[in-house]
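Quick note: the coordinates plus some simple rules give every number you see, no bench work behind them. Just so we're clear, the structure is a prediction, and the values are computed from it rather than from any experiment. Backbone-built Cβ (ideal geometry, glycine too); neighbour counts: all protein chains shown.
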Amino acid sequence: MTSTVNPDLESAVDAPAAALAATMEDPNWWRQASVYQIYPRSFADSNGDGIGDLKGITSRIPYLKSLGVDAVWLSPFYPSALADGGYDVDDYRDVDPKLGTLADFDEMIAALHEARIKLIADIVPNHTSNLHEWFQEALASPKGSAARDRYIFRDGLGPDGSRPPSDWDSVFGGPAWERTEDGQWYMHIFAREQPDLNWDNREVRDDFLKTLRFWSDRGVDGFRVDVAHALTKDLTEPLPSKAELGPQGGNNLGEHPFWDRDEVHEVFAEWRTVFNEYTPPRTAVAEAWVHADRRARYASPDGLGQAFNFDLLKADWNPRQFREIITKNLVEATSSGASSTWVFSNHDVVRHATRYGLPPVGADSDDGQDGGAWLMSGGTEPELDRALGERRARAVSQLMLALPGSAYLYQGEELGLHEVADIAEEDRQDPTFFRNRGVDVGRDGCRVPLPWTRDGESFGFGFGGAHLPQPAWFGDYAVEVQEADPSSHLGFYRRALELRRELQGEEDFEWVDEPSADVLHFTRPGGWHSVTNFGPATVDLPAGTVLLSSSPLEDGRLPGDTTAWLV
Ligand code: NOJ
Ligand code: CA
């Protein structure tokens, strides 16, 4: 876990208070923000019940401030029975009592703002939970009722309606329809506990506008919009079969009955008018797994304003792929008027320190340097090279932090944490695991509570255990251990984020060609150079002063699997 920091350039780069206050009001604050994702149930537990909570987050704000992030994206904290890690929401305008109260939320957001950190709330509009009062009302109401019209209820096929309205699969496995006691079926793209809302229903639309205002009034600065591309649906009967639909997900170009339909942008245009009622306007970022050519629509300033791209997250350890992805996304972001987004890890994928430490899977790689499966499949214990994974993770994270646009970090990646592979079946929580019977082990491995101390109860996560068991090796990665060592993964992230704040200027970007095809070199305004060596051979660096390298240089030269910044 070592990186190098130029000791002459160690000075703090604290901007004066007035400049920071201006940043808080800057309507463009999101364009190049570093955003730290908190999965609240696994961040910090204040009351020893094994579940992370809002007071736990508040208690760790000094840590977030010292890390140097501009914003926190908070995954769902609403009341939920946790059929899908909180993405099954019982009530959109409250806090899960297991996580705290609205007063705790107010206290947390005030403390974040005091620390000059923005808050982006996760919003889940495609589906409620089955325990939401609307869905309970729908179940208790007759066929054809107004209560059922908020969801997608249909009669089944066959003489007695016992076959589902279509043969569609849910994303988590198993059918996308569930039968109710009176014989009708309801649609759920995800778990059966996540009934899809009917976005043609005006009451549904109005209620979400109310929710956006509710949180914006409480000071929320922006929203991360879950499954933004699935809200509007064309379910004109007869419904097409899944064979007629082709693969799930992207590449549908507006033709699919529920993925990425054009009408969805009418919904987001309404949301935009609400965002613009505030100063600065509330921001939003779409989670939309759509064809790259259609992503700009979500990022339009008349819509959500920004959209995730997961292209780097899926890339192999391959400089050519990285270069193509970066070029394409920068062009695309410019075309929508948005800035780009970059991400290597989140709560849905195998942590990138692990992905880059797995042996090549090869199949989709043109040079055998594959970054490893991005969603691990179960059954076998992978041969993980931890040190290599951490070294490469630091190199690509440093590259990402030099790119124009917003950088999204996932809790624990600043520690170089790895995926937890060995979780017993009885401890697993993710519905993906249970719906596939372990074919895909699911996402629990990246959601294990963070280690704060080397030893002690749940490694300092709380004082009463952890809702997902932590492995013994977690202690080696603890915040406490790494804080003592500036060359640690954490020390490296802190310095990289500090320098990014100092160096970040206009969004301009230019590639610089290098003799070796293994090297990616680009410049940013102000003479900031970022050079990444993907290959095995040590290479020369361009002239300049090295500010930071993700692994130690060798006689002033850049070794393999390393990024350096120079001015
Ligand atoms: C995307 C979220 O990131 C994921 O965790 C969730 O399971 C699905 N949307 C369904 O809400
Ligand atoms: Ca707790």
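Convert each backbone phi in the stretch 343-358 into a coupling constant with the Karplus relation 6.51 cos²θ - 1.76 cosθ + 1.60 (shift: θ = phi - 60°), then list the ³J(HN,Hα) values in order as whole Hz, x for Gly and Pro.
After applying 6.51 cos²θ - 1.76 cosθ + 1.60, I find 7, 10, 9, 7, 6, 10, 10, 4, 3, 6, 4, 7, 4, 7, x, 8 Hz.
Compute the separation of the alpha-carbon centres of the stretch 251-290 and the stretch 461-538 and state it in Å as a whole number.
Between the Cα centres of the stretch 251-290 and the stretch 461-538 lies a distance of 32 Å.
Of all DSSP beta bridges in the stretch 71-224, what percent run antiparallel (nearest 5)?
55 percent
Just want the ordering: 325, 152, 123, from fewest to most Cβ atoms lying within 10 Å of their own Cβ.
325, 123, 152
Per DSSP H run of at least 4 residues, take -39500 (n - 2.57); add these up for the chain, divide by its residues and hand me the 222 nm value, nearest 500 deg cm²/dmol.
Here the helix-only value at 222 nm equals -7500 deg cm²/dmol.
How much of the DSSP bridge set in the chain is antiparallel, in percent, rounded to the nearest 5?
Close to 55 percent.
Starting from the Cα of residue 55, draw a straight line to each of the aspartates and glutamates and keep only those under 13 Å, dropping any in the same chain fewer than 8 residues away.
Within reach: 45, 96, 104, 106, 107.
Restricting things to alpha carbons, tell me how big the stretch 457-567 is in terms of Rg and Dmax, in Å.
Using the Cα atoms of the stretch 457-567, the pair Rg, Dmax is 18.0, 56 Å.
Give me 498, 507 ranked fewest to most by other Cβ atoms within 10 Å of their Cβ, as a rough exposure proxy.
Starting with the residue having the fewest Cβ neighbours, the order is 507, 498.
Can you tell me how the stretch 508-554 classifies by the Cα gyration tensor, rounded, prolate or oblate, using a/c under 1.5 as the rounded cut?
Judged from the Cα gyration tensor, the stretch 508-554 comes out oblate (a/c at least 1.5, b/c at or above a/b).
Any chance you could get the radius of gyration and Dmax over the Cα atoms of the stretch 87-130, in Å?
Just the Cα atoms of the stretch 87-130 yield Rg and Dmax of 12.3, 37 Å.
With all pairs of different alpha carbon atoms counted, what Kirkwood hydrodynamic radius in Å does the stretch 386-470 show?
Result for the stretch 386-470 stands at 14.9 Å.
Quickly rank 402-408, 199-205 as a protection proxy: mean count of other C-beta atoms within 10 Å, highest first.
Top to bottom by mean Cβ count within 10 Å: 402-408, 199-205.
Just to check I understand the Karplus step: with θ = phi - 60° and J = 6.51 cos²θ - 1.76 cosθ + 1.60, what whole-Hz values come out for the stretch 558-564, glycine and proline as x?
With the stated coefficients, the stretch 558-564 comes to 8, x, x, 6, 9, 10, 10 Hz.
Alpha carbons only, please: Rg and Dmax for the chain, in angstrom.
Over the chain's Cα set, Rg and Dmax evaluate to 23.5, 80 Å.
Only helices at least 15 Å long along their own axis, judged from Cα atoms, and with Kyte-Doolittle mean hydropathy of -1.0 or greater: name those in the chain from DSSP H.
Helices meeting the criterion: 102-114, 264-275, 319-336, 386-402, 489-503.
Restricting to DSSP loop positions (anything but H, G, I, E, B) with no more than 10 other Cβ atoms inside 10 Å of their own Cβ, which GluC sites (Glu not before Pro) remain in the stretch 159-196?
Sparse-neighbourhood loop GluC sites (Glu not before Pro): 181.
Between the alpha-carbon centers of the stretch 384-431 and the stretch 179-227, tell me the distance in whole angstrom.
Using only Cα atoms, the two centres lie 30 Å from each other.
How would the stretch 475-521 be classified by its alpha-carbon gyration tensor: rounded, prolate or oblate, with rounded meaning a/c under 1.5 and the a/b versus b/c comparison settling the rest?
oblate
With an 8 Å Cα cut-off and a minimum separation of 6 or more residues, compute the relative contact order for the chain in percent.
15 percent
Kindly rank 537-546, 482-491, 334-343 from highest to lowest mean number of other beta carbons found within 10 Å of each residue.
Most protected by this proxy first, the peptides run 334-343, 482-491, 537-546.
Give the shape of the stretch 119-185 as rounded, prolate or oblate, defined through the alpha-carbon gyration tensor: a ≥ b ≥ c are the square roots of its eigenvalues, a/c under 1.5 means rounded, and otherwise the shape is prolate if a/b is larger than b/c and oblate if not.
Since a/c reaches 1.5 but b/c is at least a/b, the shape of the stretch 119-185 is classed as oblate.
For the stretch 326-347 and the stretch 77-92, what is the separation of their C-alpha centers, rounded to whole Å?
Measuring centre to centre over Cα atoms gives 29 Å.
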